[in-house]
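Here the structure comes first, spelled out in structure tokens, and everything after it is commentary.
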Amino acid sequence: MLEAKNVTAAYGKHVVLDRVSVRFAPARLTALVGPNGCGKSTLLKSIMGFLPQSSGEIAIGGEDRSRLGRRALARRIAYLPQESHCPDYMTLGELVELAGYSRFTLAGGPSETDRKLFHSALETVGLADQAGRRMSTLSGGQRQRAWIAMVLAQDAEVILMDEPVNHLDVKYQYSILKLVRGLTRSFRKTVIVVLHDLNLAASFSDDVVMLKQGRVVASGPVRTTINSAHVEEVFDLSADIFERNGRLVFLPHQSLESLDQDARRA
Amino acid sequence: MTGKALALCVILLGSLGAFIANLSSGATSIPLDAVFAAFFAFDAENYDHYVILYQRLPRALMAIHAGALMACGGVVLQGLTRNPLASPSTLGINSGAAFFVVAGAYVFDLGTEAQGLAAMAGAAFGFICVLSVARLAGGDKDPRGLSLILSGALVSMLLIGLANAFLLSDPARRSDFLGWVTGNINHVYFDRLVFFWPLGVLALAGLFFLARPLTLLTLGEEKAASVGVSVRRVPRLALLCVVIGSGSAVAICGPVGFVGLVVPHVVRPLVGVNMRFALPAAALFGACACLLADILARQAFAPYVLHTGILLDLIGGTVFAVIVKRFYLSPGGQTA
């Protein structure tokens with residue numbers, strides 16, 4: 001169980017998160033949604049302790065995060081930033097092996113158990129036979145799978161992902177989110193994902209946290225939380241929410257004709 | 001054996017070959033059997049044995065020291081700044097060390113040991129100056145890091161200019177430093193090697209110890225921190241090691257330029273970016289490059305002997321242009 005209590009964060013004088021309190025249920029996929037600048041990514045960074053101007057309490061498994069050292073925290077929470085940089089000439093196998101750093105002794109390297117874990121992480125993302133390939137030669141989708149393998153190889157109970165499907169086409173978006181959802185089912189990971197696309201959030205996540213201007217507007221299971229009232233409040237957009245193939249679908253009210261009429265009037 | 005281990009072995013063998021060739025070549029070529037005999041069956045009456053042990057060996061050890069430390073400094077600086085042009089010579093470290101040594105000797109009449117401390121203080125001073133100028137010039141907003149390199153060029157020119165001004169101020173002592181200030185691998189500086197080699201070894205050991213977290217830092221600060229790296233302590237310790245290592249090399253034989261810039265670009269395609277391989281490979285390759293440059297400096301214009309630092313500057317300047325073309329002027333240029 002991961003819990004944020006009264007978390008406030010600011011960049012200079014600009015307050016981005018204002019007393020946010022939210023609980024993330026174990027072994028579930030939670031999506032953080034909201035308009036640009038609402039504090040989704042900042043909440044993940046606050047959980048990781050990356051922001052100097054941040055207050056409040058983060059508890060993981062009932063333990064105060066501020067009491068955990070950097071290595072101990074890495075064994076509990078893994079994080080995939082929005083933009084990941086990989087130097088040229090680094091191979092996929094090397095990248096995944098680096099994930100075990102928090103478990104390595106100062107002088108030693110990975111144990112046999114670690115090596116099995118690295119292989120299993122690569123197998124899970126379907127890249128076990130590509131370990132010797134340079135990251136720069138992988139496709140966009142493969143590269144994102146590689147980063148997910150690294151996060152998985154960290155063997156932490158909680159995984160935070162900041163917009164993991166950005167810059168990917170629809171096919172890759174679906175395959176990556178299917179993989180991410182699978183982590184909660186097969187490995188009982190608690191996964192928190194920042195997503196821009198409400199339809200993707202509704203399709204793949206178990207729970208959703210809706211943020212606006214640094215505050216939580218609504219949170220809970222997808223079916224009860226994503227509704228027209230909340231969407232209008234968070235995004236200032238009236239929309240139909242309906243069910244198709246067991247999933248919620250979000251469609252803004254305005255038809256193409258009315259959009260064209262608005263454009264002509266303008 | 002993996003490809004990387006094999007590449008490391010080849011570089012090691014190449015370095016050993018360069019070491020032996022360096023001992024053998026000079027104003028007079030000494031046959032290999034005499035080179036080995038000088039080590040294993042030294043004959044005090046034999047002039048060749050004397051030349052090998054008291055002139056060429058110190059010179060070769062100096063080349064190894066300077067080459068290994070400058071190359072490792074380059075690997076670490078390019079990794080931390082993610083800038084393909086970063087190196088001790090381009091980021092003011094070498095020029096800062098040279099300026100402090102000359103200023104210390106001229107103004108405070110520092111002895112050889114104190115000059116080593118001055119070199120390290122100067123290396124840190126030069127590097128901090130470059131970072132400060134880059135920040136003033138808006139370097140934080142420059143993703144390709146050109147402002148950092150331009151600040152390095154500016155600070156280096158200024159500090160070397162000041163060092164030269166000190167040299168001109170006292171013609172009687174000029175000859176003591178005139179060769180040194182251009183980077184001169186020469187057995188006359190053997191006393192400096194005796195004083196400062198432990199600092200170089202300490203710096204190398206520190207960098208090898210930090211290899212894993214340094215590799216993680218090349219993925220970005222947030223990613224490294226999320227995996228458990230102390231993103232404040234590790235870069236500071238690594239930079240301290242680079243400053244001590246480069247400072248010790250400059251204190252011995254002056255600012256030997258461009259090995260730190262060029263070698264990382266050569267070893268990366270061979271052993272990759274993992275510092276656990278890249279640092280030993282760079283140390284060996286840097287040593288090998290300096291040993292070979294030293295041979296060339298002695299032989300190319302015989303009977304005249306060129307300073308190794310000048311030769312390395314000539315080679316390095318050309319490679320600098322190639323790197324700028326590849327990384328900055330080509331569409332979709334790569335990152336370090």
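Just so it is clear, none of the values below were taken in a lab; they were calculated from the coordinates. Because the structure is a prediction, the values reported are computed rather than measured. So basically every Cβ, Gly included, is an ideal-geometry build from the backbone, and we count neighbours across all protein chains shown.
Does B:Phe208 count as touching a Pro at 6+ places or on another chain (Cβ under 8 Å) and within 14 Å of chain A (Cβ to nearest Cβ)? Yes, satisfied.
Residues that are surrounded by 23 or more Cβ atoms within 10 Å (Cβ to Cβ), outside any helix (DSSP H, G or I) and in contact with a Ser or Thr (Cβ under 9 Å, 6 or more places away or on another chain) are absent from region B:64-74.
Scanning region A:41-79 for residues that are more than 20 Å from A:Gln213 (Cα to Cα), free of Cβ contacts under 8 Å to residues at least 60 places away in the same chain, part of a loop (DSSP other than H, G, I, E, B) and more than 14 Å from every other protein chain (Cβ to nearest Cβ) turns up nothing.
Restricting attention to region B:236-272, the residues that are closer than 19 Å to A:Leu95 by Cβ and in contact with a Cys (Cβ under 9 Å, 6 or more places away or on another chain) total 0.
Listed conditions (1) part of a helix (DSSP H, G or I); (2) exposed (fewer than 14 other Cβ atoms within 10 Å of the Cβ) are all met by B:Ala21, apart from (2).
Inside region A:136-152, residues that are at the interface with chain B (Cβ under 10 Å from one of its Cβ atoms) and either in a strand (DSSP E or B) or out of contact with any Leu (no Cβ under 6 Å at 6 or more places or on another chain) (or both) make up a count of 1.
Scan region B:266-310 for residues that are away from chain A (no Cβ under 14 Å), among the aliphatic types (A, V, I, L, M) and within 15 Å of the chain's Cα centre (by Cα) and jot them down. Hits for region B:266-310 are B:Leu279, B:Ala283, B:Leu284, B:Ala287, B:Ala289, B:Leu291, B:Leu292, B:Ala293, B:Ile310. The listed residues are B:Arg82, B:Arg59, and the only one of them that is under 28 Å from B:Asp191 (Cα atoms) and in contact (Cβ under 8 Å) with a residue 60 or more places away in the chain turns out to be B:Arg59. Filtering region A:81-134 to residues that are among the hydrophobic types (A, V, I, L, M, F, W, C), within 10 Å of chain B (Cβ to nearest Cβ) and either crowded, with 22+ Cβ neighbours inside 10 Å or free of Cβ contacts under 8 Å to residues at least 24 places away in the same chain (or both) leaves A:Cys86, A:Leu95, A:Leu98, A:Ala99, A:Phe104, A:Leu106, A:Ala107. Can you confirm whether B:Gly260 is within 19 Å of B:Ala71 (Cβ to Cβ), away from chain A (no Cβ under 14 Å) and not hydrophobic (A, V, I, L, M, F, W, C)? Taking the combined requirement at face value, the residue satisfies it. Quick check: is even one residue across region B:213-231 over 21 Å from A:Arg70 (Cα atoms), over 18 Å from the mean Cα position of the chain (by Cα) and among the hydrophobic types (A, V, I, L, M, F, W, C)? No, region B:213-231 contains no residue that is over 21 Å from A:Arg70 (Cα atoms), over 18 Å from the mean Cα position of the chain (by Cα) and among the hydrophobic types (A, V, I, L, M, F, W, C). Of all the listed residues (A:Val191, A:Val180, A:Val231), the sole one being over 26 Å from A:Ile77 (Cβ atoms) and buried (at least 21 other Cβ atoms within 10 Å of the Cβ) is A:Val231. B:Asp191 satisfies every condition listed in (1) within 10 Å of chain A (Cβ to nearest Cβ); (2) in contact with a helix residue (DSSP H, G or I) (Cβ under 8 Å, 6 or more places away or on another chain); (3) surrounded by fewer than 17 Cβ atoms within 10 Å (Cβ to Cβ); (4) charged (D, E, K, R) except (1).
Kindly establish whether B:Ser147 is outside any loop (DSSP other than H, G, I, E, B), surrounded by fewer than 21 Cβ atoms within 10 Å (Cβ to Cβ) and in contact with a helix residue (DSSP H, G or I) (Cβ under 6 Å, 6 or more places away or on another chain). Criteria met by B:Ser147. Any residue that is over 30 Å from B:Ser175 (Cα atoms), without any contact (Cβ under 8 Å) to a residue 12 or more places away in the chain and more than 10 Å from chain A (Cβ to nearest Cβ) - is there at least one of those in region B:215-227? Checked region B:215-227: no residue is over 30 Å from B:Ser175 (Cα atoms), without any contact (Cβ under 8 Å) to a residue 12 or more places away in the chain and more than 10 Å from chain A (Cβ to nearest Cβ).
Does B:Gly138 satisfy the condition of being on the phi > 0 side of the Ramachandran plot and in contact (Cβ under 8 Å) with a residue 12 or more places away in the chain? Here the answer is no, as B:Gly138 does not meet what is asked. State whether the residues of region A:19-39 include one that is out of contact with any Lys or Arg (no Cβ under 6 Å at 6 or more places or on another chain), within 13 Å of another protein chain (Cβ to nearest Cβ) and of a type outside the set (D, E, K, R). No, every residue in region A:19-39 fails to be out of contact with any Lys or Arg (no Cβ under 6 Å at 6 or more places or on another chain), within 13 Å of another protein chain (Cβ to nearest Cβ) and of a type outside the set (D, E, K, R). Of all residues in region A:101-133, those being closer than 20 Å to B:Leu207 by Cα and either assigned to a helix (DSSP H, G or I) or among the charged types (D, E, K, R) (or both) number 2.
From the list A:Val231, A:Val222, A:Val193, A:Val208, which residue is of a type outside the set (D, E, K, R) and more than 17 Å from the chain's Cα centre (by Cα)? Answer to the selection: A:Val231.
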